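Since the structure comes first, as C-alpha cells, the remarks are kept for the end.
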C-alpha cells in the first residue's frame with residue numbers, strides 16, 4: 001500500500017519557543033532633519049549616539065534624514081529624503 005507523505009509546513013518562532021524581540025512601538029528621534037533631543041534623553045541617549053549611528057550607515061549630514069525612529073530595544077529605523085523620486089507631503093507635528 002502507498003501512503004502520501006504529509007506536506008511539510010514551515011517552523012514558526014512559537015514552535016521553537018522564541019519570543020520576538022522587536023517592538024512595534026517606536027519613538028521619533030529625527031523629523032525633517034531635526035533631532036528630538038528630549039526623546040533621546042528620555043531613552044538614556046544623546047545626540048552623539050544618534051550621530052554615531054547615522055555615521056555607521058554612511059549618513060554624514062543630519063539634513064539627509066527625513067524621519068528616524070527608535071524602539072525600546074534601541075533599534076533605529078531611518079528614512080532619507082529622496083527628493084528626486086517623490087513629492088513629500090506636509091507633516092503635522
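A few comments on the model shown:
Let's see how each residue does on (1) within 11 Å of residue 29 (Cβ to Cβ); (2) touching a strand residue (DSSP E or B) at 6+ places or on another chain (Cβ under 9 Å); (3) surrounded by 14 or more Cβ atoms within 10 Å (Cβ to Cβ); (4) at pLDDT 95 or above:
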residue	(1), (2), (3), (4)
50	yes, yes, yes, yes
59	no, yes, yes, no
63	no, no, no, no
72	no, yes, no, no
77	yes, yes, no, no
81	no, yes, yes, no
84	no, no, no, no
88	no, yes, no, no
91	no, yes, no, no
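- Among the conditions (1) at pLDDT below 95; (2) under 16 Å from the mean Cα position of the chain (by Cα), residue 9 misses just one, which is (2).
The values are calculated or read from the model by the stated rules, or taken from the named source; none is laboratory data. Just so you know, these numbers come straight off a predicted model, no measurement behind them. Here Cβ is always computed from backbone atoms with ideal geometry, including for glycine, and neighbour counts include all displayed protein chains.
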